[in-house]
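A short worksheet on the structure shown next.
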Amino acid sequence: MKGILKYFIVFVTIAISVIAISFLILESISEEEDLYTLELKKYNESEWYYEVYSDSKLIIKQETIPGVTGIQRFKSKEEAKKIGTLVITKMKSGIMPMISLNELKEYDITFKK
């Protein structure tokens with residue numbers, strides 16, 4: 001009986017350790033997810049832009065559609081949100097947050113060629 005109790009105590013100790021480590025890992029992941037914040041702002045009555053913050057510090061202010069010729073702005077809040085979210089996704093993945101013409105087309109962003 002003493003042998004079974006020892007194994008039970010070891011099992012419970014290992015299980016608690018695994019749960020504690022998993023909790024710490026999940027907590028650090030959720031903190032990382034909150035690292036970047038997207039704010040959508042009106043440029044004027046019909047145009048939008050986005051800003052990306054890291055720990056409340058402005059790191060990107062994108063007033064024009066990235067990757068296109070000339071000064072072209074997002075035509076809707078939704079369009080600015082799509083590309084701003086894509087930029088944050090790339091940054092979280094360690095990818096340079098550059099936007100290509102193909103990505104603009106893929107996300108149905110309105111722009112002149």
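The values are calculated or read from the model by the stated rules, or taken from the named source; none is laboratory data. The structure displayed is predicted, hence computed values, not measured ones. Neighbour counts run over all protein chains shown; Cβ positions are idealised from the backbone, glycine included.
Brief remarks on what is shown
- Subset of segment 60-83 [in contact (Cβ under 8 Å) with a residue 12 or more places away in the chain and either of a type in the set (A, V, I, L, M, F, W, C) or in contact with a His (Cβ under 8 Å, 6 or more places away or on another chain) (or both)]: Ile60, Ile65, Val68, Phe74, Ala80, Ile83
- The one condition in (1) surrounded by fewer than 14 Cβ atoms within 10 Å (Cβ to Cβ); (2) touching a strand residue (DSSP E or B) at 6+ places or on another chain (Cβ under 9 Å); (3) assigned to a loop (DSSP other than H, G, I, E, B) that Thr64 fails to fulfil: (1)
- Checked against the criteria, Glu51 counts as part of a strand (DSSP E or B), without any contact (Cβ under 8 Å) to a residue 60 or more places away in the chain and charged (D, E, K, R).
- Flag: Lys90 does not match the condition of being in a strand (DSSP E or B), among the charged types (D, E, K, R) and either surrounded by 15 or more Cβ atoms within 10 Å (Cβ to Cβ) or at pLDDT 95 or above (or both).
- Test result for Ser76, among the polar types (S, T, N, Q), within 15 Å of Ser46 (Cα to Cα) and surrounded by fewer than 15 Cβ atoms within 10 Å (Cβ to Cβ): yes
- Only residues that are small (Gly, Ala, Ser) and in a helix (DSSP H, G or I) were counted in segment 69-87, giving 2.
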